[in-house]
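All remarks here apply to the structure that follows.
Values in this text are rule-based calculations from the coordinates and carry no lab data. Note that the structure is predicted; figures quoted are calculated from it, not measured. Methodologically, a virtual Cβ is constructed for each residue, glycine included, from the backbone with ideal geometry; neighbour enumeration extends over all protein chains shown.
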Amino acid sequence: MKKYFVLLFIILTAGSLVAENPPAEQFGRITGHVFDAATREPLIGANIQVVGTTLGAISDINGTFAINRVPEGTIRLQVTIIGYKPIVEPDLIVSPVKPLEVKIGLNQTVLAGADVTIKPNYFESVSDKPLSVQTQSYAEIRRLPGGLEDVVRAISILPGVAQVQNGRNDLIVRGGAPSENLYAIDGIEVPNINHFGTQGATGGPLSFVNLDYVANTTFSTGGFGVRYGDRLSSVTSIELREGRSDRWGGKATISASQFGLNLEGPLSNKGTLVFSARRSYLDFIFKAAGFAFVPEYWDFLVKGEYRLSDRDQLSLTALSAIDDVKLFNDTAEKRYDNARVIASDQYQAVAGLTWRRLYKSGYSTVTLSNNRFRYDLVQSDTNRTPIFKNNSLERETLLTANLVWKPAKRTELTFGGQARAVLFDSDVKLPPFTTAFGQVLEVDALLDTTAVKSAAWLQAVQKSGRFTLTAGGRLDYFNLINEGSAFSPRLAVEYELDALTKLSASAGRYHQAPAYIWLVANPENRRLKQIQVDQFILGAQRFLKDDVKLSLEGYYKRYDRYPVSTLQPWLVMANTGAGFGGAEEGFAAFGLEPLVSRGTGWARGLELFLQKRIARVPHYALLSISYNESRFKGLDGVLRPSSFDQRWIINFGGGYIPNSRWEFSAKFRLATGRPYTPYNADYTKSGVNYNSARIGVNHSLDIRADRRWSFSGMALVTYIDIQNIYSRAYEDVPRWDSFREEFDTTASIGILPSIGISAEF
C-alpha cells in the first residue's frame, strides 16, 4: 500500500515539474461589494486599498468597486469608511485568469470620541455571536496540511474540537457527541455534509462540499444565536461564492482522493451560475492495493444567483452525493474483513431557493429547501449471511423566513420562523444479535410516518457605550415525540475595555430532538423528550497586534434528558455516533433498543487560541490548546467519562509565502487518549468496566508545499501534501481480530504523501 502511494506521488510530481516558468509579472483584476454587515445595505464612499501599493478604489452608490492591474499573488485589502470599524481582508489570491470577486461586510463602531483611534484589524466579528466564533477563508482551508481541502477537516484544528478517529470527520465539539453539530450551506440546514455519512449523526470520511466554491465558513462552538437550533454543540455556516461575471471559465482538478471539473460564468448581466462534478478514484487505488472493500462516490454542486432588482436577489443552491461500497469476498480473509464493515450505499441531495430583499434598515430572507437522504445499509457475517439491514429514507422540506431590522443605529432585531415537513420511511431488520456486552438485540421494524418540526425565534442586539447585549429566545416543536415543545432562552454580553480588548459572557439553553432512526426499534422510543443542555461561557480577547489575536474561553455544559438504553443501563446515546456503528459497536449509534430520556451529564473546559494572519511579513500561524472533561450518567447511576473525553488537544500550524509562486505550510497535532471499554479474558466486555481504560497519546506532523504557474489564459496550481511525516502509528481503540487471533490497536498506514494538480481556465 505504501509503495503504491509513493509511486503515485512520484509520477504526479514529475508530471507537474515539466511546466515552464511564466513571465516575471502578470496582473489581475479585483471587483467587489462593500455593505453593512448587519443590514446588508450597500456602503457608499468606502475606501478600498491594496495594502502596500497605491492601487485602490471608492465604492459607488451600489457599494461596488473595481481595481485593475493588480499584481498576481496573495494580497491584502484594507477597507475604511467613517462610522465603521476598518478591516483588512488578508489571504486574497489575485490571478490573471479570472477576476477576484470579494464581498466585504463592515460593522459599525461601538466606541466613539475624539480621543479614540480605531486601527484596522485582520479579524471580522459576528454581531449576534460574541463568543466562541471562528471564521476561515477559502485560502485558510485550502492550504491546511493534511486537510484534503475539506471544510470539515479544517474545523478540526480550531479550539474545542476533537476528532474521534484518524481520517474521519466525526467532530467532537466541547465534549458533545458527533450528532450535536449543525451544518448550514447558504443558510440551508443540512443534516450531514459528508460522503458515507453516519445516520443519526454528522460524521463521515470526507465532505461533499467543493471547496473551490466556498467563500468562507463561520464556526460557532457555543453561544450561537437563536437563528439556528435543534443542535446542542456547534453550528458551521458555509457561504458559497457567486460565479465569475466576466465570462465562462472553469477548473479541472485531480487531488489526493478525487478528480473533478468546475464550470462558472454569467447569466446575462444579472446573474451567475456555477457547476461542479467530482468523482473519487479511491476505488482504483483500493483495488490495486487488494482491499476487501472499495468505496466509490460522486458529488455535484450547482449555485445560481439572479438579481431581480437593486434590492431583490434570488439564489439557488443544490448539492448531491452518490456513495457506493463494493465488497470482494474471494478469500476467507476478505470475507472476515468485510464482516466487520457496513456496506453503505447512500444518496444525499440538498436543494434550496432563497429570496433576499434589502430594506432601508434591514433585510429579509425566505428559503424553501429540501433534504433527501437515502440509506441502504447491510452487514453480513463471514458466511455472507446478512445480520443487519437498514433501508431508510429521510426527507425534509423546510420553509424558513428571517428578518433582520435595525430600527436605530445601536439596535438590531431579528425575527424568524421555520416550518419543516418530515417524511421518514425505514425498514430495519436485525436478527437476534448478541453484543460484546452479552445483551441480545432483535429488531424487525417498519416505520413509515410523517411529522412536523417547527420553530420561531426573536433576538435583540443592543449597544450602549462599551457594552453590547444580545438577548433572545427560540421555541421548537416536534410532534413525533413526547413533550415535543422546548423553549431556549439565550443571553450574551460583551464589554470593550478598549479598542484592543474585550470581555464576553453568555448563558443559554439549547435543545435537540432525538434522531429519527432512534424512534424505529421500539414504539416506546417515541416517548422520548427533547435533549437539553445549559451552557455557560466566559471569554476574553486581546489584539496583540492588528494581525495577531489572543483569546481565552472557559465553558460549562450541563446535559439533561439524554436517551439511555434500558437493556444496557450504562449506555447513554451521547457516547455514540462516531464511525458507522456496526456490529463491533453493538449497533449502538442506531439506537436499536428501548430508550428513555433519563441520561444526564456535563462537560467543562478551557481553550486558548492564538492566531496570526498574513500581514506585512508574509507568514501566518495559529496555536490552539484545549482542555476538556466530559461525564455522563445512565440508568445505572454511575458517572463515567464520556467516550469522547479527550483531555488535552494541541494544534500548532503555520506557513510562509515567499512570493507569488510558492507557499509552504505545516501542522502539528497532539491529543491525549479517549476512553474505551477493555475486553475481558474471554474477549467479551462488561458494563461494569464501561469506559474504564484509555488509549495512548496520538500526535502527527503534516507538511505541504504549493506551486503556481500562469500562462496565457490558464493557471496551473500544484501541491505536495505529506501527512504523518515521521510515520507514527495512530493508536486506536483495541479490537479483537479473531481471524488473525490478535488485537488490532492501530488505524494508520503511516506516512501518506499525496499531490493535487488543478488547471484554471
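Normalized C-alpha radius of gyration of the range 409-544, against 2.2 N^0.38 Å?
After normalising by residue count via 2.2 N^0.38 Å, the value is 1.53.
Which value in Å does the Kirkwood hydrodynamic radius of the range 559-610 take, with 1/r averaged over all unlike C-alpha pairs and then inverted?
Evaluated on the range 559-610, it is 12.3 Å.
How long are the semi-axes of the ellipsoid equivalent to the range 146-273, from square roots of 5 times the Cα gyration tensor eigenvalues, in whole Å, largest first?
Ellipsoid semi-axes (Å, largest first): 28, 18, 11.
Checking the table Lys287/Lys667; Lys98/Lys251; Lys85/Lys545 against a 19 Å threshold on Cα-Cα, which pairs fail?
The pairs that break the limit, which is 19 Å between Cα atoms, are Lys287/Lys667.
Among 515-524, 334-343, how do they line up by average Cβ neighbours within 10 Å per residue, starting with the highest?
Averaged packing, sorted descending, gives the order 515-524, 334-343.
Work out the FRET efficiency for Thr397 and Thr54 from their Cβ-Cβ distance, taking R0 = 56 Å, and round it to the nearest 0.05.
About 0.60, to the nearest 0.05.
Let me check I've understood the local charge: for Gly45, count other residues with C-beta under 15 angstrom from its C-beta, Lys and Arg +1, Asp and Glu -1. What total comes out?
-3
Loop-only check: which trypsin sites (Lys or Arg not before Pro) in the range 140-170 are DSSP coil with at most 11 other Cβ within 10 angstrom?
none
To one decimal place, what Kirkwood hydrodynamic radius in Å is obtained for the range 349-433 from all pairs of distinct Cα atoms?
Taking every pair of different Cα atoms in the range 349-433, averaging 1/r and inverting gives 16.5 Å.
Which lysines, if any, have their Cα less than 21 Å from the Cα of Lys557, not counting same-chain residues under 8 positions apart?
Candidates past the 8-residue exclusion: Lys129, Lys529, Lys633.
Per the helix-only calculation at 222 nm, which mean residue ellipticity applies to the chain, given -39500 (n - 2.57) for every DSSP H run of n ≥ 4 and division by its residues, nearest 500 deg cm²/dmol?
-1500 deg cm²/dmol
Below 9 angstrom from the Cβ of Thr317, what's the summed charge of the other residues (Lys, Arg +1; Asp, Glu -1)?
Taking every other residue near Thr317 into account, the sum is 0.
How would Lys409, Lys85, Lys545 line up from fewest to most surrounding beta-carbon atoms within 10 angstrom?
Lys409, Lys545, Lys85
What is the gain in length, in nm to one decimal, between Arg740 and Phe27 on full extension, counting 0.36 nm per residue of separation less the C-alpha to C-alpha distance?
Going from the current span to full extension adds 250.6 nm.
Suppose R0 equals 45 Å; then what is the FRET efficiency for Ala445 and Phe487 from their Cβ-Cβ distance, rounded to the nearest 0.05?
0.90
Which net charge results when you count Lys and Arg as +1 and Asp and Glu as -1 among the other residues whose beta-carbon is under 10 Å from that of Gln535?
Counting the neighbours of Gln535, the net charge comes to +4.
Please label the shape of the range 220-287 as rounded, prolate or oblate, based on the square roots a ≥ b ≥ c of the eigenvalues of the alpha-carbon gyration tensor (a/c under 1.5 means rounded; beyond that, a/b larger than b/c means prolate, else oblate).
Cα axes put the range 220-287 in the oblate bin.
By what distance, in whole Å, do the Cα atoms of the range 663-761 stretch along each of the three principal axes, largest value first?
The Cα atoms of the range 663-761 stretch 68, 29, 22 Å along their principal axes.
Can you give the Rg and Dmax of the chain based on its C-alpha atoms, in angstrom?
When restricted to Cα atoms, the chain yields Rg and Dmax of 25.6, 81 Å.
Mind ranking 93-106, 439-452 by how tightly packed they are, going by the mean number of other C-beta atoms within 10 angstrom, highest first?
With the highest mean Cβ count within 10 Å placed first, the list reads 93-106, 439-452.
What's the extension gain from Glu585 to Ala277 if we count 0.36 nm per residue and subtract their Cα-Cα distance?
Taking Glu585 through Ala277 to full extension adds about 107.4 nm, to one decimal.
What is the distance, in nm, between label points placed 7 Å from the Cα along the Cα-to-Cβ direction at Tyr556 and at Phe536?
Label at Tyr556, label at Phe536, 0.4 nm between them.
What angle, in degrees between 0 and 90 and rounded to the nearest 10, separates the Cα long axis of helix 2-16 from the longest principal axis of the Cα atoms of the chain?
20
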